[in-house]
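What follows is a set of notes on a single structure, which appears directly below.
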Amino acid sequence: MTPSNHRAEGEAVSTASPRDYFDLMKPRVMTLVVFTAFAGLIAAPVDADPFLAFMSILCLAVGAGAAGALNMAYDADIDATMQRTRKRPIPRGVVSVANAYGFGVVAAILSVLLMALASNYLAAGLLAFSIFFYAVIYTMILKRSTPQNIVIGGAAGAFPPMIGWVAVTGEISLDAFILFMIIFLWTPPHSWALALYKSGDYAAANVPMMPVAKGAGSTRLQILLYSIVLVIFAGAPVLTELGGAVYAATSLGGGALFLLLAWRVYRSRAGEAGSAEEGALYAVRSGDKAARDLFAYSIGYLTVLFAALIVEHAFGAYVAIPGVG
């Protein structure tokens, strides 16, 4: 048994620090989860109690971290194989698989119970379902079995703004569903762009991401098609008057650049050459730069899109667009 496999199975580990357990929670992902959830909470048409709103966002952050820890526990073998994930706590041997599972389960239970107390049962139920969906449906079932893993599994990452909305309103509305769908449609082009220039990593770990299962050409085409649908749908908040002039301008300008980068990916040869030896997340070969650029930009695009809603609803910058609604 190799040292990496030994550590992945959690049979012998060194003492973990608080930072190691924090890293288990996937803080980069958690940051985006918190931000989009906050946007949903702020955009909701109610005046929320500041303390309860803060507690709801905290619960979402802990719940997202719990899902991340459970994901890392189950995927310890994959993480030990892939270059870009080998430095995570479990492959490094500082946290055992058993401890990661325990940490994730406890954090999940606490986040859901506290959400029920801080907001309402519907928000707590949605949070519980999103954790279950990511940790079980996506991680344990879809990820290793189908190239549609990120399409279906992307629903888990789309729940935060809906949960933020429900936490202060107590109900699921059309606008909450629209915010969910924006992230749901954003996830495939975002994730497949990364998969294109890290296809060697996924192939080595036997994960059937789209470039591995269907080829780079098919993936580039699907990225373009999903991007078109995403950019069009991102204008929906304007039609329901959830988004005003600031959001409309952001959606239009940001969407145009998104489509340009998606077109560049489609016209490129991204994913044609394996990149298994490339360890750093943003390290790419020249042919894969278009995919890297789209992946990096997609994060900023989603952030700015939801930031526009925050600016409009939290800072009084909402300006209705005449003739809309």
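The values are calculated or read from the model by the stated rules, or taken from the named source; none is laboratory data. This structure is a prediction, so every number in the text was calculated from the model and none was measured. Quick reminder, even Gly has a Cβ in these numbers, built from the backbone with ideal geometry, and neighbours come from all protein chains shown.
Structure data summary
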quantity: Count - residues of the range 68-99 that are β-branched (V, I, T) and crowded, with 23+ Cβ neighbours inside 10 Å; calculated: 2
quantity: Breaking point among (1) surrounded by fewer than 17 Cβ atoms within 10 Å (Cβ to Cβ); (2) closer than 20 Å to T36 by Cβ; (3) of a type in the set (S, T, Y), for S111; calculated: (1)
quantity: Matching entry among I178, I137 (being free of Cβ contacts under 8 Å to residues at least 40 places away in the same chain and either within 18 Å of the chain's Cα centre (by Cα) or assigned by TED's automatic domain parsing to the domain that holds L224 (or both)); calculated: I137
quantity: Residue within the range 181-189 that is farther than 19 Å from A37 by Cα, of a type outside the set (G, A, S) and either buried (at least 17 other Cβ atoms within 10 Å of the Cβ) or out of contact with any helix residue (DSSP H, G or I) (no Cβ under 8 Å at 6 or more places or on another chain) (or both) present; calculated: yes
quantity: Qualifying residue in the range 28-46 (condition: surrounded by fewer than 21 Cβ atoms within 10 Å (Cβ to Cβ), assigned by TED's automatic domain parsing to the domain that holds I137, modelled with pLDDT of 95 or more and farther than 16 Å from I163 by Cα); calculated: no
quantity: Out of A193, A156, A167, sole residue that is over 16 Å from L60 (Cα atoms) and crowded, with 23+ Cβ neighbours inside 10 Å; calculated: A193
quantity: Wholly enclosed helices (runs of 4 or more DSSP H) of the range 59-144 bearing at least 3 residues closer than 18 Å to F22 by Cβ and out of contact with any Lys or Arg (no Cβ under 7 Å at 6 or more places or on another chain); calculated: 97-118
quantity: Enumeration of residues in the range 190-243 that are among the hydrophobic types (A, V, I, L, M, F, W, C), farther than 15 Å from G255 by Cβ and part of a helix (DSSP H, G or I); calculated: W192, A193, L194, A195, L196, A203, A204, M210, V212, A213, A216, L221
quantity: Residues of the range 74-129 that turn out to be out of contact with any helix residue (DSSP H, G or I) (no Cβ under 7 Å at 6 or more places or on another chain) and of a type in the set (G, A, S), as a count; calculated: 4
